[in-house]
Amino acid sequence: MPRQGKLKISGVSINKLIVDIVKSVKVNPEFSEISVNINESEEELNLKADPYRVKQVFLDIITNACEAVEESEIKNITINLKKENDSAIVEITDTGCGNSRRKLRQTFYTIFHNKENG
């Protein structure tokens, strides 16, 4: 259930947030065989946002990546954190089978999901 109410804007360290999320996801026994490599920026990546909502977005994306590689022979996820000009760039790639073009077009519709039972 999405959190309702006002945004609570504060400083968020993307580096720390991603490291903490990966640690929490790796506790799940289903994901114990997955290799997650984080390539951190030399500079700390910070932004002003609602920490809860930013955490939820990255948690969903990283969990989806873990689920995508569960059936793969090679179970790797790579997270690149970098700064370009005044922008923080977070690239997340995995060795899962990928999605069809049709599913890619539907990715950002809020009611679309790609899970069998969810």
| said: At q = 0.14, 0.20, 0.24, 0.25 Å⁻¹, what log₁₀ I(q)/I(0) does region 1-82 have when each alpha carbon counts as one equal point scatterer in the Debye sum? | reply: -0.52, -0.94, -1.17, -1.22
| remark: For the pair Glu42 and Ile61, the simple spin-label estimate (label points 7 Å beyond Cα toward Cβ) gives in nm 2.4
| query | What does a probe at Asp20 reach in region 56-76, counting residues whose amide N is under 20 Å from the point 7 Å along Cα→Cβ? | reply | 56-64
| remark: In nanometres, the difference between 0.36 nm per residue of separation and the alpha-carbon distance of Asn85 and Ser35 is 15.0 nm
| request: Return a whole-number percent for the relative contact order of region 41-106, with Cα pairs under 8 Å and 6 or more residues apart as the contact set. | output: 33
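Report the antiparallel proportion of the DSSP beta bridges in region 1-105 as a percent, rounded to a multiple of 5.
Values: 12 of 17 bridges.
Beta bridges within region 1-105, antiparallel portion: roughly 70 percent.
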| request: Please list, or write none, the aspartates and glutamates whose alpha carbon is within less than 16 Å of the alpha carbon of Lys16, excluding same-chain residues fewer than 8 places away. | output: Glu40, Glu42, Glu43, Glu44, Asp50, Glu91
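Bear in mind that the values in this text are calculations on the coordinates, not laboratory data. As the structure is a computational prediction, the values presented were derived from the model and not from experiment. Neighbour counts run over all protein chains shown; Cβ positions are idealised from the backbone, glycine included.
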